[in-house]
Every structure is written in structure tokens, then in C-alpha cells.
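Let me begin by presenting the structure, written as C-alpha cells, before commenting on it.
Quick note: the coordinates plus some simple rules give every number you see, no bench work behind them. All of these numbers come straight from a predicted model, not from anything done at the bench. Cβ placement follows ideal geometry from the backbone for every residue including glycine, while neighbour counts extend to all protein chains displayed.
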């Protein structure tokens, strides 16, 4: 099934489907029910088919999703915090900057739980972390490298240009 998922918990969405199902059973039309419950007409049409096939509202109940839950248990969150405190280099990365992509990779590798990198930011904020900014030192090192390049390389390049003309 494609399309955008509506917002709400599984229980809230189930309530919306049940209300829609009851209205359909009362003989209300798909468009009217869609407007009343705040759903798309395509969803209400699908629910109507479900109610017909299953002979009632039972088919509109929320289904448990198989597989490991998307969220980390508290002990896994504690272990993640320990990993984050050790730093990205200890986790196998070349630089000392945690990114949401890197944290998502660590969560997948360590706990076999998949988080979209966009949702990692929310998880990190709940754990008391804020987005990292690269340290000032990195810019100073770049400025030193630029100064060195200007001193050594630029004069050599300029000389080479004069010879070429």
C-alpha cells in the first residue's frame, strides 16, 4: 500500500476507521464519511470494501505489526549514550563528528533496529543531545593550512604562469 500515512497512533486511527465503518453501515456515502472523519475518499472506499468482505467492523481493527519494534529499550538507549560518549572515532569513523546518518548506522549495527536518519535527531534530542557544531579548532586548522598554501604554493604557481606567457 503506497501513499502517505495519516498522523495518529494505531489506536487513534482504529477509532477513525470504526466511526467511518459505522457511518457506512448506516448508509452514508463515501464522500460524506470521508469529510466527517477527515480521511481521503480512497481510504474510506477501501474501508467500505473491508466492511463488506469481513461482514462488519472487525476488519477495520488495527493489526499488530510483525518484527522488532522501531524503538530502543531503555538499556539500549543507555548503551547508545555510552557509544556516543566514546565518540565517532571509537565507533570506526574518520572524524570526530556525529551525524544523524552515523548514529542511525550505529543503532542498526549494535541493536539491529532501523531508524531513518531524520528520526535519529528526534531520538537524540529526547536523550538530551543537541545537534553538534564542528569545533572551532577545525576552522583554525583550515586557516593555518590556507596560510601555508599561500606562503609556499601560490608564489610557485605565479612563477609558473609568468614562464608560460
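Residue 99 versus residue 35, label points 7 Å from Cα toward the beta carbon: distance in nm?
Modelled inter-label distance: 4.9 nm.
Counting residues in segment 10-60 as N, plug N into 2.2 N^0.38 Å and put the Cα Rg over that result. Could the numbers behind the result be given before it?
Details: Rg = 9.5 Å, N = 51, 2.2 N^0.38 = 9.8 Å.
Scaled against compact globular proteins, the figure is 0.97.
Determine the shape class of segment 74-126: with a ≥ b ≥ c the square roots of the Cα gyration tensor eigenvalues, call it rounded for a/c under 1.5, and otherwise prolate if a/b is greater than b/c, oblate otherwise.
Details: a/c = 1.45, a/b = 1.23, b/c = 1.18.
In terms of gyration-tensor shape, rounded.
Could you work out how far apart the two model spin labels at residue 81 and residue 18 are, taking each label as a point 7 Å from the Cα in the direction of the beta carbon, and quote it in nm?
That separation, rounded to one decimal, is 3.7 nm.
Please work out the C-alpha center-to-center distance from segment 72-133 to segment 42-61 and express it in whole Å.
Each part's Cα centre sits 41 Å from the other's.
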